[in-house]
């Protein structure tokens with residue numbers, strides 16, 4: 001019986017000593033919502049988008065409204081009227097220019113957004129490597145929705161440490 005008891009104690013001790021790989025999980029959404037650096041970058045992104053929308057409003061929406069107003073005032077004239085035809089042509093040209101401008105702005109916004117995501121993931125990865133080194137973790141996972149991590153307990157959550165490393169010191 002003593003032998004069986006010693007064997008059980010050894011098994012329990014061995015189970016504690018070799019607990020398997022050490023894992024950490026980073027909640028990406030939490031980083032984006034709470035990290036001062038990420039929040040500042042998102043605000044900068046919003047400002048760039050708003051500036052481009054204001055430019056589009058100024059160069060497209062307002063001129064098209066004015067041209068539409070002029071067309072309304074010329075509505076009783078025949079389509080062959082030179083002034084009405086000129087306004088219709090101008091409206092078409094402005095509209096075509098606006099389509100091109102909108103496309104260019106969407107491409108620019110996509111590039112800015114992609115740069116933000118790349119910078120964010122780079123900072124997260126850099127901080128994750130440092131946390132893994134400090135905690136001697138074998139694996140650090142990113143919990144993004146939708147993603148492969150369905151659940152992670154607070155014991156392996158390293159989000160707070162990653163946020164601290166990402167953000168500049170006050």
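Within segment 156-170, work out how many residues are buried (at least 17 other Cβ atoms within 10 Å of the Cβ) and touching a residue at least 40 places away in the same chain (Cβ under 8 Å).
Qualifying residue count, segment 156-170: 6.
Which residues, counting only those in segment 122-170, are assigned to a helix (DSSP H, G or I) and farther than 19 Å from residue 41 by Cα?
If the condition is that a residue be assigned to a helix (DSSP H, G or I) and farther than 19 Å from residue 41 by Cα, then 128, 129, 130, 131, 132, 133, 134, 135, 154, 155, 156, 161 are the ones that fit.
Only one of 112, 140 is closer than 15 Å to residue 30 by Cβ and touching a helix residue (DSSP H, G or I) at 6+ places or on another chain (Cβ under 8 Å). Can you tell me which?
Being closer than 15 Å to residue 30 by Cβ and touching a helix residue (DSSP H, G or I) at 6+ places or on another chain (Cβ under 8 Å) holds for just one of 112, 140, which is 140.
Is there a residue being under 30 Å from residue 164 (Cβ atoms), modelled with pLDDT under 90, surrounded by fewer than 15 Cβ atoms within 10 Å (Cβ to Cβ) and over 23 Å from the mean Cα position of the chain (by Cα) anywhere in segment 11-18?
Yes, that holds for at least one residue.
Would you check if there is a residue in segment 97-106 being in contact with a helix residue (DSSP H, G or I) (Cβ under 9 Å, 6 or more places away or on another chain), within 19 Å of residue 39 (Cβ to Cβ) and either at pLDDT 90 or above or part of a helix (DSSP H, G or I) (or both)?
no
Which condition does residue 137 not pass, out of (1) surrounded by fewer than 17 Cβ atoms within 10 Å (Cβ to Cβ); (2) modelled with pLDDT of 90 or more, if it passes all the others?
Failing condition for residue 137: (1).
Residue 81 versus (1) under 16 Å from residue 61 (Cβ atoms); (2) surrounded by 11 or more Cβ atoms within 10 Å (Cβ to Cβ): which is the lone unmet condition?
Result: residue 81 fails condition (1) only.
Cβ-Cβ under 8 Å, sequence separation 6+ or interchain: first residue in segment 83-104 and without any contact (Cβ under 8 Å) to a residue 12 or more places away in the chain, partner exposed (fewer than 13 other Cβ atoms within 10 Å of the Cβ). Which pairs?
85/79
Provide a single number: the residues in segment 28-84 that are in a loop (DSSP other than H, G, I, E, B) and within 14 Å of the chain's Cα centre (by Cα).
Qualifying residue count, segment 28-84: 1.
Just checking, does segment 145-155 include any residue being surrounded by 11 or more Cβ atoms within 10 Å (Cβ to Cβ), on the phi < 0 side of the Ramachandran plot and out of contact with any strand residue (DSSP E or B) (no Cβ under 7 Å at 6 or more places or on another chain)?
no
The values are calculated or read from the model by the stated rules, or taken from the named source; none is laboratory data. Since the structure is predicted, the reported quantities are computational estimates derived from the model, not experimental observations. Backbone-built Cβ (ideal geometry, glycine too); neighbour counts: all protein chains shown.
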